Amino acid sequence: MDQGLWLLVTLVVLWADSGAGAPRGPTRCMPIPQAMALCHDIGYTEMRLPNLLDHDTAAEALQQSVSWLPLLARECHPDARLFLCSLFAPVCLDRVIYPCRSLCEAVQASCAPIMACYGYPWPAILHCGRFPASHGLCVAAVSNGSRLGRPLPRASCRDCELQDARSSNEVLDALCASDFAVKVRLSRCNGSSSGLSHCHLDSRLEVLKAGPLPASELAPTLRRWLQLDATCVHNLLRGRLAGTYVLGGEVQGPRLLVTTAYVWSQGHRHLQLAVRRWHHHQCPR
């Protein structure tokens with residue numbers, strides 16, 4: 001299991017042990033730490049402590065919140081960040097504001113299947129029945145269930161899994177179906193206690209297909225993906241320290257979703273033939 005998902009599981013256990021609900025004792029307001037990537041720039045600047053997860057200090061809330069960044073990188077629901085921040089960094093008003101039950105239900109429906117891929121159920125402490133019905137004063141969903149006109153991505157336990165290039169035509173079909181395609185080398189990868197992935201994207205990046213992104217934006221967008229999507233990186237490397245890959249997938253707003261992945265190595269003649277043919281290949285319309 002990769003480091004990011006291990007931390008996610010740890011947080012689920014902490015929730016199950018501590019309980020979520022109205023903060024115990026007196027509360028106070030304080031600025032949301034700039035280092036809290038989960039909730040910084042969420043739309044308000046002050047949070048209530050203890051929060052709805054009974055974190056007493058900003059340092060504790062910050063440490064635990066980082067563990068959810070790999071899950072958010074999967075873009076399981078456009079309001080997942082809003083839901084989590086309503087618990088980690090509740091807005092500081094005259095009364096405690098909970099997430100709406102409908103918000104919880106929408107996020108759970110899309111994000112719980114991704115957690116289930118790794119054998120971990122939606123935590124009981126986040127049972128949506130614990131939160132108020134949407135007609136009350138609560139944090140409601142802001143999306144309409146889609147992003148940029150696309151349906152929500154379906155959870156796949158095989159996201160970024162390496163595929164076999166059984167024929168060059170199969171690879172060409174996969175590249176045609178992708179928004180973008182690149183040949184790239186990853187190296188010096190390691191996990192960290194923050195749950196983020198630290199991988200180096202070598203400068204020798206060959207853009208096979210830029211799609212809706214300008215070719216100049218592919219490299220920085222891939223770097224952001226490498227940092228956040230620790231699960232994808234783990235699935236690709238499988239214990240390796242480095243490797244060269246042909247990657248393809250969807251462009252979803254400011255991020256990439258890798259759906260096609262092949263390892264580039266000697267003996268993979270179908271993949272090598274497909275990449276050579278690609279520059280002259282005409283995809284069916």
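Given the peptides 209-222, 85-98, arrange them by the average over their residues of other C-beta atoms within 10 Å, most packed first.
The packing order, highest mean first, is 85-98, 209-222.
Highest mean first, how do 233-243, 273-283 rank when packing is the count of other Cβ atoms within 10 Å averaged over residues? Write down the numbers at each step before the final one.
Working: 233-243: 15.5, 273-283: 13.7.
Packing order, densest peptide first, comes out as 233-243, 273-283.
Pairs of alpha-carbon atoms within less than 8 angstrom and 6+ residues apart define the contacts here; what relative contact order does region 38-103 have, in percent? Write down the numbers at each step before the final one.
Details: 59 pairs, mean separation 28.4, N = 66.
43 percent.
Note the full-extension length gain between His127 and Thr244 as 0.36 nm times their separation in residues minus their Cα-Cα distance, in nm to one decimal.
Details: separation 117, 0.36 × 117 = 42.12 nm, distance 4.25 nm.
Length gained, His127 through Thr244: 37.9 nm.
Throughout, read-outs are computed from the coordinates displayed, never taken from laboratory work. Computed from a predicted structure; not experimentally measured. Positions of Cβ are generated from backbone atoms using ideal geometry, with glycine treated the same way; all protein chains shown enter the neighbour counts.
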